[in-house]
Amino acid sequence: MKKRIFTIPNLLDFFRIIAAPIVGWLILIEWKYTVLLLAFVLATDLFDGYIARNFNQKSELGEVLDPLADKVIFFFVILPILIREELHTSLLIFLIIAILFLVLFIFLRPQYKKRGVVVNLLGKASVFINCFILLAMVWEYHEWMIYVFIFFLALPQINYFYKFIKKL
């Protein structure tokens, strides 16, 4: 694994992290083209992985930035939707879960890696499904969507934690 910083996949991850609060703000002001911008931002997640794997641009930084960028964009899309829709209970539940996942990601990721627990198809599929749920929520929000989103956010984390415990 290379220690390079300036790779195209890493730049795409940085772009997603920087674009996240902008997309969130556009959701709050209900800009009609937000869903198109969000689709573009989410598509960069597909491109960064493809480029990293097929053009020898994998990096240690990319292994951290890619899932972090996913979590940042998820946070900055759902938070303004919940604020805009005035869903205070859902907002509180989401914030607690989001903070918990971020803290767990930061602290447990090195331990997962050390024990050989890696991203798998369930994790990738869950992110992919959640990207479509985000687009649907920006287009037309229904409260049940947040619970489906949280389920697909939690599912791979539970799977990773199970594999981690099994390897102890």
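I need a count of the residues in segment 74-111 that are under 15 Å from residue 21 (Cα atoms) and under 14 Å from the mean Cα position of the chain (by Cα).
The total comes to 6.
Does residue 65 meet the test of being part of a helix (DSSP H, G or I), modelled with pLDDT of 95 or more and either closer than 21 Å to residue 109 by Cβ or of a type outside the set (Phe, Trp, Tyr) (or both)?
On the way: part of a helix (DSSP H, G or I): yes; modelled with pLDDT of 95 or more: no; either closer than 21 Å to residue 109 by Cβ or of a type outside the set (Phe, Trp, Tyr) (or both): yes.
Considered against the rule, which asks whether it is part of a helix (DSSP H, G or I), modelled with pLDDT of 95 or more and either closer than 21 Å to residue 109 by Cβ or of a type outside the set (Phe, Trp, Tyr) (or both), residue 65 comes out as no.
Check whether at least one residue in segment 137-151 is touching a Ser or Thr at 6+ places or on another chain (Cβ under 6 Å) and surrounded by 13 or more Cβ atoms within 10 Å (Cβ to Cβ), and report yes or no.
So in segment 137-151, the residues touching a Ser or Thr at 6+ places or on another chain (Cβ under 6 Å) come out as 138, 146.
Among the residues that remain, those that are also surrounded by 13 or more Cβ atoms within 10 Å (Cβ to Cβ) are: 138, 146.
Among the residues of segment 137-151, at least one is touching a Ser or Thr at 6+ places or on another chain (Cβ under 6 Å) and surrounded by 13 or more Cβ atoms within 10 Å (Cβ to Cβ), which makes the answer yes.
Can you tell me which residue is modelled with the lowest pLDDT among those in segment 101-149 that are assigned to a helix (DSSP H, G or I) and of a type in the set (Val, Ile, Thr)?
The initial filter retains those residues of segment 101-149 that are assigned to a helix (DSSP H, G or I), namely 101-114, 121-139, 143-149.
Now restrict to residues that are of a type in the set (Val, Ile, Thr): 103, 106, 127, 129, 133, 138, 146, 148.
Values: 103: 72, 106: 68, 127: 90, 129: 95, 133: 95, 138: 92, 146: 84, 148: 92.
The qualifying residue modelled with the lowest pLDDT is 106.
Consider only pairs whose beta carbons are under 7 Å apart and that are at least six residues apart or on different chains; among these, list those whose first residue lies in segment 41-59 and is surrounded by 12 or more Cβ atoms within 10 Å (Cβ to Cβ) and whose second residue is of a type in the set (Phe, Trp, Tyr).
44/15
Pick from 27, 73: which is in contact with an Asp or Glu (Cβ under 9 Å, 6 or more places away or on another chain) and more than 16 Å from residue 8 (Cβ to Cβ)?
Just a single option satisfies the conditions, and that option is 73.
Is it the case, given these coordinates, that residue 57 is over 22 Å from residue 154 (Cα atoms) and over 12 Å from the mean Cα position of the chain (by Cα)?
On the way: over 22 Å from residue 154 (Cα atoms): yes; over 12 Å from the mean Cα position of the chain (by Cα): yes.
Judged against the criteria, residue 57 is a match.
Filter segment 27-40 for residues that are buried (at least 16 other Cβ atoms within 10 Å of the Cβ) and touching a Pro at 6+ places or on another chain (Cβ under 9 Å) and give the result.
Residue satisfying the conditions is 27 alone.
Please verify whether residue 71 is under 11 Å from the mean Cα position of the chain (by Cα), crowded, with 16+ Cβ neighbours inside 10 Å and among the basic types (Lys, Arg), treating the condition exactly as stated.
Considered against the rule, which asks whether it is under 11 Å from the mean Cα position of the chain (by Cα), crowded, with 16+ Cβ neighbours inside 10 Å and among the basic types (Lys, Arg), residue 71 comes out as yes.
Name every residue in segment 150-168 that is in a helix (DSSP H, G or I) and touching a residue at least 40 places away in the same chain (Cβ under 8 Å), in order of residue number.
150, 153, 154, 157, 160, 161, 163, 164
Residues checked against (1) of a type in the set (A, V, I, L, M, F, W, C); (2) out of contact with any Lys or Arg (no Cβ under 8 Å at 6 or more places or on another chain); (3) surrounded by 12 or more Cβ atoms within 10 Å (Cβ to Cβ); (4) in a helix (DSSP H, G or I):
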{"site": "75", "(1), (2), (3), (4)": "yes, yes, yes, yes"}
{"site": "80", "(1), (2), (3), (4)": "no, yes, yes, yes"}
{"site": "86", "(1), (2), (3), (4)": "no, yes, no, no"}
{"site": "90", "(1), (2), (3), (4)": "no, yes, yes, yes"}
{"site": "95", "(1), (2), (3), (4)": "yes, yes, yes, yes"}
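Looking at (1) touching a helix residue (DSSP H, G or I) at 6+ places or on another chain (Cβ under 7 Å); (2) of a type in the set (Phe, Trp, Tyr); (3) surrounded by fewer than 17 Cβ atoms within 10 Å (Cβ to Cβ); (4) closer than 21 Å to residue 20 by Cα, find the lone condition where residue 164 falls short.
(4)
The values are calculated or read from the model by the stated rules, or taken from the named source; none is laboratory data. Note that this is a predicted model, so its numbers are computed, not measured. Cβ coordinates were reconstructed from backbone atoms using ideal geometry, including for glycine residues, and neighbour counts include every protein chain displayed.
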